Amino acid sequence: MIKASAVNKYFGDLHVLREITLEVPRGQVVVVLGPSGSGKSTLCRAINRLEPINSGEIAVDGVPLPAEGKALAALRADVGMVFQSFNLFAHKTIVENVMLAPVKVRKTGQAEARKTAMELLERVGIANQADKYPAQLSGGQQQRVAIARALAMRPKVMLFDEPTSALDPEMVQEVLDVMTGLAKDGMTMLVVTHEMGFARRAADRVIFMADGEIVEDTTPEEFFTAPKSERAKDFLGKIL
Ligand code: ADP
Ligand code: MG
(Lines give C-alpha, C1' and ligand atoms only; values in the text may rest on other atoms or scores of the structure.)
(Ligands and ions follow the chains in the order given, each with its own letter.)
Protein backbone atom coordinates (compact mmCIF):
# COMPACT_ATOMS: atom_id res chain seq x y z
CA MET A 1 0.00 0.00 0.00
CA ILE A 2 2.96 2.30 0.71
CA LYS A 3 6.27 1.76 -1.00
CA ALA A 4 9.26 4.02 -0.53
CA SER A 5 12.51 3.31 -2.35
CA ALA A 6 15.83 4.97 -1.56
CA VAL A 7 14.22 8.23 -0.49
CA ASN A 8 16.55 11.10 0.33
CA LYS A 9 15.52 14.46 1.67
CA TYR A 10 17.65 17.47 2.57
CA PHE A 11 16.84 20.69 4.34
CA GLY A 12 19.76 22.75 3.07
CA ASP A 13 22.84 20.81 4.16
CA LEU A 14 20.88 18.72 6.63
CA HIS A 15 20.29 15.19 5.34
CA VAL A 16 17.01 14.35 7.10
CA LEU A 17 15.92 11.20 5.22
CA ARG A 18 18.74 8.84 4.23
CA GLU A 19 18.00 6.13 1.70
CA ILE A 20 14.65 5.32 3.27
CA THR A 21 13.29 2.08 1.84
CA LEU A 22 10.06 0.83 3.26
CA GLU A 23 7.06 -1.24 2.24
CA VAL A 24 3.80 -1.29 4.13
CA PRO A 25 1.41 -4.01 2.93
CA ARG A 26 -2.34 -3.47 2.94
CA GLY A 27 -3.85 -3.72 6.39
CA GLN A 28 -0.58 -3.49 8.25
CA VAL A 29 -0.12 -1.20 11.26
CA VAL A 30 3.41 0.19 11.48
CA VAL A 31 4.52 2.22 14.46
CA VAL A 32 7.45 4.56 13.82
CA LEU A 33 9.59 5.29 16.86
CA GLY A 34 12.70 7.38 17.26
CA PRO A 35 14.20 10.35 19.03
CA SER A 36 13.13 13.89 18.26
CA GLY A 37 14.66 15.17 15.04
CA SER A 38 15.15 11.71 13.52
CA GLY A 39 12.96 12.47 10.50
CA LYS A 40 9.65 10.81 11.48
CA SER A 41 7.45 13.79 10.64
CA THR A 42 9.36 14.48 7.44
CA LEU A 43 8.77 10.89 6.37
CA CYS A 44 5.00 11.24 6.94
CA ARG A 45 4.93 14.54 5.10
CA ALA A 46 6.93 13.09 2.23
CA ILE A 47 4.47 10.18 1.88
CA ASN A 48 1.67 12.73 1.62
CA ARG A 49 3.76 15.00 -0.61
CA LEU A 50 3.43 17.88 1.79
CA GLU A 51 7.23 17.83 1.55
CA PRO A 52 9.12 17.31 -1.71
CA ILE A 53 11.91 14.73 -1.71
CA ASN A 54 15.31 15.10 -3.36
CA SER A 55 15.64 11.58 -4.71
CA GLY A 56 14.01 8.19 -4.58
CA GLU A 57 10.43 7.12 -5.16
CA ILE A 58 7.27 6.87 -3.13
CA ALA A 59 4.16 5.05 -4.31
CA VAL A 60 0.78 4.65 -2.65
CA ASP A 61 -1.32 1.67 -3.72
CA GLY A 62 0.99 1.16 -6.68
CA VAL A 63 0.72 4.73 -7.93
CA PRO A 64 3.98 6.70 -7.88
CA LEU A 65 3.69 10.05 -6.18
CA PRO A 66 2.56 12.57 -8.73
CA ALA A 67 4.19 15.96 -8.60
CA GLU A 68 1.20 18.24 -8.97
CA GLY A 69 -2.25 18.89 -10.30
CA LYS A 70 -5.29 16.65 -10.16
CA ALA A 71 -3.30 13.46 -9.67
CA LEU A 72 -1.71 14.95 -6.57
CA ALA A 73 -5.09 15.98 -5.16
CA ALA A 74 -6.34 12.43 -5.70
CA LEU A 75 -3.34 10.98 -3.94
CA ARG A 76 -3.73 13.33 -0.99
CA ALA A 77 -7.33 12.16 -0.71
CA ASP A 78 -6.12 8.55 -0.58
CA VAL A 79 -3.79 9.32 2.32
CA GLY A 80 -5.48 10.54 5.49
CA MET A 81 -3.31 12.43 7.92
CA VAL A 82 -3.80 13.22 11.59
CA PHE A 83 -1.38 15.60 13.28
CA GLN A 84 -0.57 16.54 16.83
CA SER A 85 -2.62 19.73 16.43
CA PHE A 86 -6.13 18.95 15.26
CA ASN A 87 -6.69 22.17 13.25
CA LEU A 88 -10.46 21.95 13.10
CA PHE A 89 -12.28 24.93 11.61
CA ALA A 90 -13.34 26.94 14.65
CA HIS A 91 -16.36 28.55 13.00
CA LYS A 92 -17.83 25.33 11.68
CA THR A 93 -19.68 22.73 13.73
CA ILE A 94 -18.23 19.29 14.32
CA VAL A 95 -20.36 17.65 11.63
CA GLU A 96 -19.59 20.49 9.19
CA ASN A 97 -15.88 19.96 9.79
CA VAL A 98 -16.24 16.31 8.80
CA MET A 99 -18.40 17.11 5.75
CA LEU A 100 -16.16 19.81 4.34
CA ALA A 101 -13.56 17.89 2.32
CA PRO A 102 -15.99 15.36 0.79
CA VAL A 103 -18.22 18.22 -0.37
CA LYS A 104 -15.38 20.41 -1.65
CA VAL A 105 -12.95 17.85 -3.03
CA ARG A 106 -15.07 14.79 -3.79
CA LYS A 107 -18.14 16.84 -4.82
CA THR A 108 -20.32 14.70 -2.57
CA GLY A 109 -23.85 16.08 -2.07
CA GLN A 110 -24.70 17.75 1.26
CA ALA A 111 -27.18 15.11 2.39
CA GLU A 112 -24.90 12.20 1.64
CA ALA A 113 -21.90 13.98 3.16
CA ARG A 114 -23.86 14.62 6.34
CA LYS A 115 -25.00 11.01 6.56
CA THR A 116 -21.44 9.73 6.16
CA ALA A 117 -20.13 12.31 8.61
CA MET A 118 -22.65 11.21 11.23
CA GLU A 119 -21.69 7.57 10.74
CA LEU A 120 -18.05 8.45 11.21
CA LEU A 121 -18.77 10.54 14.28
CA GLU A 122 -20.65 7.54 15.62
CA ARG A 123 -17.63 5.39 14.94
CA VAL A 124 -15.32 7.68 16.92
CA GLY A 125 -17.92 7.89 19.69
CA ILE A 126 -18.84 11.53 19.32
CA ALA A 127 -22.10 11.70 17.31
CA ASN A 128 -23.87 13.41 20.22
CA GLN A 129 -21.52 16.41 19.84
CA ALA A 130 -22.17 16.88 16.12
CA ASP A 131 -23.73 20.34 16.33
CA LYS A 132 -21.24 21.82 18.77
CA TYR A 133 -18.21 23.91 17.83
CA PRO A 134 -14.64 22.65 18.27
CA ALA A 135 -13.92 24.93 21.25
CA GLN A 136 -16.78 23.28 23.15
CA LEU A 137 -15.03 19.89 22.97
CA SER A 138 -12.11 18.50 24.93
CA GLY A 139 -8.78 17.92 23.19
CA GLY A 140 -9.39 14.19 23.03
CA GLN A 141 -12.80 14.72 21.48
CA GLN A 142 -11.37 17.20 18.96
CA GLN A 143 -8.70 14.73 17.94
CA ARG A 144 -11.36 12.07 17.43
CA VAL A 145 -13.19 14.53 15.18
CA ALA A 146 -9.94 15.06 13.27
CA ILE A 147 -9.74 11.30 12.74
CA ALA A 148 -13.35 11.21 11.51
CA ARG A 149 -12.58 14.12 9.20
CA ALA A 150 -9.64 12.24 7.68
CA LEU A 151 -11.76 9.07 7.29
CA ALA A 152 -14.47 11.04 5.50
CA MET A 153 -12.31 11.04 2.37
CA ARG A 154 -12.25 7.23 2.46
CA PRO A 155 -8.47 7.07 2.51
CA LYS A 156 -6.55 3.92 1.68
CA VAL A 157 -3.89 4.76 4.22
CA MET A 158 -3.90 6.72 7.46
CA LEU A 159 -0.80 8.50 8.71
CA PHE A 160 -0.72 9.62 12.33
CA ASP A 161 2.01 11.98 13.47
CA GLU A 162 2.09 12.02 17.28
CA PRO A 163 -1.70 12.25 17.51
CA THR A 164 -1.77 12.17 21.30
CA SER A 165 1.27 14.30 22.13
CA ALA A 166 -0.70 17.50 22.66
CA LEU A 167 -3.38 15.89 24.83
CA ASP A 168 -3.81 15.89 28.56
CA PRO A 169 -2.92 12.43 29.87
CA GLU A 170 -6.49 11.44 30.71
CA MET A 171 -7.51 11.95 27.07
CA VAL A 172 -4.80 9.90 25.42
CA GLN A 173 -6.52 6.54 25.77
CA GLU A 174 -9.79 7.53 24.08
CA VAL A 175 -7.84 8.54 20.96
CA LEU A 176 -5.70 5.39 21.06
CA ASP A 177 -8.88 3.33 21.39
CA VAL A 178 -10.25 4.84 18.18
CA MET A 179 -6.95 4.11 16.44
CA THR A 180 -6.97 0.53 17.73
CA GLY A 181 -10.50 0.13 16.35
CA LEU A 182 -9.34 1.35 12.94
CA ALA A 183 -6.43 -1.07 13.02
CA LYS A 184 -8.78 -3.95 13.85
CA ASP A 185 -11.01 -2.94 10.93
CA GLY A 186 -8.04 -3.48 8.63
CA MET A 187 -6.91 0.07 7.91
CA THR A 188 -3.34 0.43 6.67
CA MET A 189 -1.68 2.74 9.20
CA LEU A 190 1.66 4.42 9.78
CA VAL A 191 1.73 5.80 13.29
CA VAL A 192 4.43 8.01 14.78
CA THR A 193 3.93 7.88 18.53
CA HIS A 194 5.64 7.77 21.88
CA GLU A 195 2.85 5.62 23.30
CA MET A 196 4.73 2.39 23.87
CA GLY A 197 1.62 0.57 25.12
CA PHE A 198 -0.04 1.23 21.79
CA ALA A 199 3.08 0.15 19.90
CA ARG A 200 3.18 -3.14 21.81
CA ARG A 201 -0.51 -3.92 21.51
CA ALA A 202 -1.58 -2.53 18.13
CA ALA A 203 1.49 -2.58 15.90
CA ASP A 204 2.23 -5.40 13.50
CA ARG A 205 5.64 -3.91 13.06
CA VAL A 206 7.93 -1.32 14.60
CA ILE A 207 10.30 0.90 12.64
CA PHE A 208 12.95 2.68 14.65
CA MET A 209 14.47 5.77 13.06
CA ALA A 210 17.55 7.71 14.11
CA ASP A 211 19.35 10.50 12.25
CA GLY A 212 17.20 10.07 9.15
CA GLU A 213 17.79 6.34 8.83
CA ILE A 214 15.69 3.28 9.46
CA VAL A 215 17.82 1.56 12.07
CA GLU A 216 15.47 -1.29 12.98
CA ASP A 217 12.44 -2.74 11.23
CA THR A 218 11.02 -5.59 13.25
CA THR A 219 8.15 -6.90 15.36
CA PRO A 220 7.12 -5.05 18.53
CA GLU A 221 8.00 -8.15 20.55
CA GLU A 222 11.51 -8.24 19.15
CA PHE A 223 12.03 -4.49 19.36
CA PHE A 224 11.01 -4.14 22.98
CA THR A 225 12.61 -7.31 24.29
CA ALA A 226 15.72 -7.59 22.13
CA PRO A 227 16.61 -4.37 20.28
CA LYS A 228 19.68 -4.94 18.14
CA SER A 229 21.21 -1.50 17.72
CA GLU A 230 22.89 0.60 20.38
CA ARG A 231 20.74 3.56 19.36
CA ALA A 232 17.52 1.62 19.95
CA LYS A 233 18.79 0.35 23.31
CA ASP A 234 19.71 3.90 24.29
CA PHE A 235 16.27 5.20 23.15
CA LEU A 236 14.39 2.51 25.07
CA GLY A 237 16.54 3.11 28.12
CA LYS A 238 15.42 6.73 28.16
CA ILE A 239 11.72 6.20 27.67
CA LEU A 240 10.82 2.95 29.43
P1 ADP B 1 10.96 14.13 14.06
O2 ADP B 1 9.55 14.18 13.60
O3 ADP B 1 11.52 12.74 14.12
O4 ADP B 1 11.15 14.82 15.38
P5 ADP B 1 11.46 15.88 11.83
O6 ADP B 1 11.12 15.10 10.63
O7 ADP B 1 10.46 16.88 12.31
O8 ADP B 1 11.87 14.89 13.01
O9 ADP B 1 12.81 16.66 11.59
C10 ADP B 1 13.99 16.05 11.09
C11 ADP B 1 15.08 17.09 10.99
O12 ADP B 1 14.75 18.03 9.98
C13 ADP B 1 15.30 17.89 12.27
O14 ADP B 1 16.67 18.14 12.41
C15 ADP B 1 14.53 19.16 12.00
O16 ADP B 1 15.08 20.23 12.72
C17 ADP B 1 14.71 19.34 10.52
N18 ADP B 1 13.59 20.04 9.88
C19 ADP B 1 12.29 19.65 9.89
N20 ADP B 1 11.53 20.49 9.15
C21 ADP B 1 12.37 21.43 8.66
C22 ADP B 1 12.21 22.58 7.82
N23 ADP B 1 11.00 22.90 7.32
N24 ADP B 1 13.29 23.32 7.53
C25 ADP B 1 14.51 22.97 8.01
N26 ADP B 1 14.75 21.92 8.80
C27 ADP B 1 13.70 21.14 9.12
MG1 MG C 1 7.84 14.92 14.52
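The values are calculated or read from the model by the stated rules, or taken from the named source; none is laboratory data. Computed from a predicted structure; not experimentally measured. Neighbour counts run over all protein chains shown; Cβ positions are idealised from the backbone, glycine included. The protein model used for the area step is the full one, side chains on, heavy atoms only, and it has no ligands, DNA or RNA in it. Shrake-Rupley method; radii C 1.70, N 1.55, O 1.52, S 1.80 Å.
A few remarks follow.
- Pairwise label distance in nanometres, Thr21 with Glu51, each label 7 Å out on the Cα-Cβ vector: 2.1 nm
- Pairwise Cα separations in the range 1-111 fall into 10 Å bins from 0 onward with the following percentages, short to long: 12, 38, 33, 15, 2, 0.
- Convex hull volume per residue, computed on the Cα atoms of the chain, equals 125 Å³.
- The range 186-203 and the range 57-101 have their alpha-carbon centroids 20 Å apart.
- Loop chymotrypsin sites (Phe, Trp or Tyr not before Pro), the range 64-110 (other Cβ atoms within 10 Å of the site Cβ: 14 or fewer; DSSP): Phe89
- At the listed q of 0.16, 0.19 Å⁻¹, the Debye profile of the range 135-236, built from one uniform point per Cα, gives log10 I(q)/I(0) equal to -0.75, -0.99.
- 5 angstrom amide H check on Lys228, placed H, neighbours 5+ away: none
- Surface exposure of the chain, expressed per residue as accessible area with a 1.4 Å probe, stands at 47 Å².
- By the combined test of axial Cα extent (at least 15 Å) and Kyte-Doolittle hydropathy (mean at least -1.0), the qualifying DSSP H helices of the chain come to 94-104, 110-123, 139-151, 169-184.
- Calculated on the Cα set of the range 129-174, radius of gyration then Dmax: 11.4, 31 Å.
- Heavy-atom accessible surface of the range 154-240: percent carbon and sulfur, 1.4 Å: 47 percent
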